Structure formats: C-alpha cells, structure tokens
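Novice: To start, I am sharing the structure in question, which I have written as structure tokens.
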Ligand code: SF4
Ligand code: SF4
C-alpha cells in the first residue's frame, strides 16, 4: 500500500493517483484536514509500529510499502483545552502552546517513521532554510546572486551604488488574508523612493543583486533525474521581476531545456547535501551566460513543468512509488494498448 | 551582438500542408498560417543558422527571409540564441492513465439507461470527459436523477445537450450551479440562437441553438470553430485518432459502440460490461487511425488540430476524408 500525504485541493495528487489506479496499486490518500486517530504508536527492542485510524480504516506501518509526502501535515491530536474550563486564560494559552509543541513532536516522529519506507519527499525536512541552501550551493561551486541582509537603510544605499537590487523574503512567500482580501509579498525592485519610506532602520531584510536575466529555469528533480524548463519571463515587463505575477493573456513562453552536464552534477550533489530526493530548483540564466542558483523548493508545483514540457512527471512519480521502471519501458497493466 | 541561431519555441510547431502551412502554438492555443517555403526552412534547417540559410538562397530572397524571422520573433513564435542545443523539441508521446478518457451517452424518449451502472463503469475505466446528448425533452426530475449520480466521481467534465422546453428552461439554467461537473449546456430546438453564459463568464457555458438536434446524425461537423489546440490533443493526434481514441459510446438504444453514428455494435449495455468491450481488439481498431493515414487529410495543414470524424466519411471508406469537411487542402479554401 502507498500512503500519500497531501491537501484536499491538490490536483497533481489526483493525477498521480490516476496512475496508481492504472498500475493496480492500492493507496491511501490522507489530506491534511482529515482527522487522524492515534490508535497506537509503539516501540520496543523489536522495533517501532503504529496503527492510525483514518475515517473507517486503519493504516498500519507494517503494511506501507511506499510513502509520498506531497504537502501538509498529519492532523493528529486536534484537541485543545476545553473552552468551558474554569482556568486563568493566560494559563489556558500556555497549556495550549505546550500541546501544540507535543503535537508537532508527534507529527515529526510519525513523519519520520513514514519516511523510513520507500519514500518520495520528507515531511520533517520540508522546511529547509533557504539561506543555508545558498551556502551549500556556493560551497559546491554553483554561482549564487550576491546578497546582503541588513536592518539599516545606509547599508542598502551603499549596496545600491554597486548594482541594482531587489528585495524578497528571507524565508519565502507570505500570504495574508484580511477582510476577504488577499495580500502577498512579491519580489520587488529597490529604488530611492522606497528606501526613503522605510526610515533609517527596519526589520532585518534581504537584498539581492538584481540579475540581468536571459531566461529563468524551473527544474524538477526526482531521485537522480532532472526535468528542466526554461521560462522566458523577460519578454513581458509584468513578469520580468517576479515570474509568479502571471500574465494570463500572453503567458510566458515555457519550453523544455537541457542543462549542461557539469551543472547537473553539481546540482545532484546539492540535492544530496540538503538532503532531498525531490524538489523544484529555481535558477536564472543571465545575459552574461551564467547559471545562477536561487533556491530549492521541496514541495514543487511540478504540474507547471510537467504539462507544458510533456514530461509525464505524474506517471514518473507513480512509477517511483510503485518501484517501476521509468516510463515508456513499462506500460500500465490496466490500460489497453 | 546578434545571436546566431533562430529557434522556434518548442510549443510552436510547424505543420506542412499541400499549399500552405501552419505554426501551431500549443501553449497559447492559436495558430498562424505561413507559406510553405518558410515551413520548409523551419523544419529542414532548424535550428536556423540564418546566415548559412541565406548563403543557400539568391540575394533577392534575403529580404523576404529577414521578414519571415522578424515576423516570427515579433509574434513570439521563436527567439535568437547561441545555444540551440539547450532547447530540444517537445516530446510528442501521448500517455494516459485511463483506458477510456471520454464517452458519449445518447438519450431519447425510448432510452432506458441505468445511469448509475453506466457511470460506475465509466468511472472504473478512468473516463474524464462525458457527453450526454438528449434528443427529446427531459423533465427536471429525470435530469436530477441522472446528474445526481455524477457528483464525487473521477469524471471531471460533463457536456449536456438538451432539447429546449419552455416550461423548464429556467430550471435548466440552474443546473450548472447544482452540478459542478457541467462545463457545457446546449439547448437545441430553441426559439433563437443565443449565448446565455459564455465559458469566460462561468465554469459552464450555456448556449441556445435554433437547430433541432434530434439524433446522432448531426455529429461529425468539421469546422475551424472546433479545432483543438493544446498539447495533449496535438500529441494524441500524432499517434491516434482525434475523435475515437479511448472513446466509448452508448447509443440511445443501449448499444455499446465506438461512436453512436457507427453501425457496429459491440453488444448491449444490459448484457455486456464496458470493460469487456474495451478489452476487445476489434473495438480498439479505429483508435489508431491517424490523420497522416486519412485520404486528403494527410495533405492538410490542420491535420493535428482538426477533430476528425470516422462516423461519416467520403464513400464510407475506412480511411476516407470526413464527409462533413468542406476544406480542400489542395486549393487552401473552405467551400
Ligand atoms: S466519429 Fe464522427 S460521428 Fe462519431 S463521435 Fe466522432 S465526430 Fe461524431
Ligand atoms: S481536410 Fe481533413 S484535416 Fe483538413 S480540415 Fe478537413 S477533415 Fe480536417
């Protein structure tokens, strides 16, 4: 049996499941909002085991052959201290904070047990530190963009004298919601007017050399194999700073790409160093003909690479999970040609 | 400095026809007509080393060549690079996890379909897109009974054809709100032609047609309106039949067929399961008829985006051109 941990609305999960069905492989899909009942988690000198209740079935660790961590978390211990209880509200808050830590620890442990199986992705390692990844990439001889993190506008001024800058989150993307409006942080170019608005000091922020892009690369990685896609975001001013600002009328050109072998080797070492057996790598190819590494996203939107490049990644993932050979060599036993 | 090679974006694919050619943009879903000489350059000399190409052409053609490449660059069909080896062509293999991807179910006043059982079987086969064509009036209760069976299934899109009925029409318009799987609702035999809701305005288009579509013989029209321009259909058309590949149909009388318009029945739905039919080699035979094999179409620049039809063909020949196509690729004109 294959266990998939994901979210309810994830369409890529459905496409992978279609292939598991075609391969006649039993699977359980656990969405992060499905309540998971901790029937028993046990360990002794013979080994570890668990039995988790999900709706009306029981998932035993021993029955799991493969595990795909797509995204989300195991929804265990979804209980807080009862509202009605007559305790000091400050105390209730502290106790709930403690329960939350207990929950996270248990989730981490169960995630670890799942990842000991034939696994793609890792629920505990999904939060990687982007700055550390940059450090690892640089150490492996992969070019990175120059950056500074500072809380002083004087430093930003000085850096801006040298080269144009952009600013983005140290950790990554944020989405906020208030009064039914969505707010997010996009990558922004830094200019004098903006610096004036910030005052002389502010929250420590990341400033990065603005790369002169020829095109961007989004590279999906699946256990030793790279699936690169080039994104021509430069043709369109609306998306040239941040590719996530899609232009729906004339979407950016996206095409399959071939990486230089030398770069592939270094990226392979990087993935092993992190370590990740799947993820999406973002890079830029500059006007100066250099490959510059930006980040690795452990939970990649691989559908946006798979479909336009016809890489059949959904099938490749299903084959990985069922330990089948790469596609084309192994036709599903269920389909009929 | 100008880069040396002109390269088409992999999603912009030239298709040569007898008198003219196309560049099919399978990403943005559009195409441009181009002269055959240009298609020749783009297929035979791709990636295009423009100075080398010019060297092979007389000087008076150079301006035309420059114009071609400017046109393609301006329309974002291609770009200039010094590294054409980094930009491979699209892999046009077709893969599907479903043994049946699409189905037609016909209904008239004598039909006695067990919808639940049919949908169960289609679901098992992995069917994603379903067309239900009702030739006679259906009351809302019948429709709810039918459509209610579709929620929570892997079938992801349903196109519904209904006969206009004055008494029910307002209830018909409500159907897309109740059944999220509906992507198209067409009412035939309507008082007038009218778009009630376009596909931009909601997840489901609603259209009224004056024409009476009272049986399956109305199917099989070939028109640029129905051309399908996306990577899955384009790659499918390279290897399989654009209409019948992985299609199964149940006609109004309950016969299981490739398509309701074809005479051959593979058994009755009450006696045979859809799976049994799909497993017969005979049934899958028309799936492999590509446009490259069909008379006339094989010379047509639209062959990979055209919907095809095997139900109605010239001279009722297996490889005959679709009978309801008025295009002549040898003159480049629609009759
Ligand atoms: S083969 Fe022709 S008649 Fe049959 S479903 Fe296709 S288009 Fe319609
Ligand atoms: S000639 Fe054939 S391919 Fe061309 S439009 Fe007509 S039916 Fe389609």
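Novice: Looking at segment A:140-182 only, could you name the residues that are surrounded by fewer than 12 Cβ atoms within 10 Å (Cβ to Cβ), over 18 Å from the mean Cα position of the chain (by Cα) and free of Cβ contacts under 8 Å to residues at least 24 places away in the same chain?
Specialist: A:161, A:162, A:176, A:177, A:178, A:179, A:180, A:181, A:182
Novice: Looking only at segment B:285-303, filter to residues that are crowded, with 19+ Cβ neighbours inside 10 Å and away from every other protein chain (no Cβ under 14 Å); which one of those is farthest from ligand 1 (Cβ to nearest atom)?
Specialist: The qualifying residue farthest from ligand 1 (Cβ to nearest atom) is B:301.
Novice: Now for a different question. Here are some conditions: (1) within 16 Å of ligand 1 (Cβ to nearest atom); (2) assigned by the TED database to the domain that holds residue B:222; (3) within 13 Å of the chain's Cα centre (by Cα). Residue B:248 meets all but one. Which one does it not meet?
Specialist: (3) is the only condition that residue B:248 fails.
Novice: Now for a separate question. One residue is enough: does segment A:95-104 have a residue meeting the conditions part of a loop (DSSP other than H, G, I, E, B) and surrounded by 16 or more Cβ atoms within 10 Å (Cβ to Cβ)?
Specialist: Among the residues of segment A:95-104, not one is part of a loop (DSSP other than H, G, I, E, B) and surrounded by 16 or more Cβ atoms within 10 Å (Cβ to Cβ), which makes the answer no.
Novice: Select from segment B:263-284 the residues that are surrounded by fewer than 14 Cβ atoms within 10 Å (Cβ to Cβ) and in contact with a strand residue (DSSP E or B) (Cβ under 7 Å, 6 or more places away or on another chain) and write down the one among them that is farthest from the other protein chains (Cβ to nearest Cβ).
Specialist: B:268
Novice: Let me ask you something else. Within segment B:208-229, track down each residue that is more than 16 Å from ligand 2 (Cβ to nearest atom) and closer than 30 Å to residue B:314 by Cβ. Even if it seems obvious, please write down each step before you answer.
Specialist: Taking segment B:208-229 as the starting set, the residues that turn out to be more than 16 Å from ligand 2 (Cβ to nearest atom) are B:208-218.
The answer is B:209, B:210, B:211, B:212, B:213, B:214, B:215, B:216, B:217, B:218.
Novice: What is the residue count in segment B:159-182 for residues that are in a loop (DSSP other than H, G, I, E, B) and in contact (Cβ under 8 Å) with a residue 24 or more places away in the chain?
Specialist: Qualifying residue count for the region: 6.
Novice: Which of the residues belonging to segment B:276-298 are closer than 14 Å to residue B:322 by Cβ and outside any loop (DSSP other than H, G, I, E, B)?
Specialist: B:286, B:297, B:298, listed by residue number.
Novice: Within segment A:279-305, how many residues turn out to be out of contact with any helix residue (DSSP H, G or I) (no Cβ under 8 Å at 6 or more places or on another chain) and not in a loop (DSSP other than H, G, I, E, B)?
Specialist: Looking only at that region, the number is 9.
Novice: So, one more: So how many residues does segment B:132-143 have that are surrounded by fewer than 17 Cβ atoms within 10 Å (Cβ to Cβ) and in contact (Cβ under 8 Å) with a residue 12 or more places away in the chain? Break it down stepwise before answering.
Specialist: Pass one, segment B:132-143, residues surrounded by fewer than 17 Cβ atoms within 10 Å (Cβ to Cβ): B:136-137, B:139-142.
Narrowing further to those that are in contact (Cβ under 8 Å) with a residue 12 or more places away in the chain: B:136-137, B:139-140.
Going through segment B:132-143 one residue at a time, the tally reaches 4.
The values are calculated or read from the model by the stated rules, or taken from the named source; none is laboratory data. Note that the structure is a prediction, hence the values are computed from the model and not measured. Ideal geometry is used to build each Cβ from the backbone, glycine not excepted, and the neighbour counts take in all protein chains shown.
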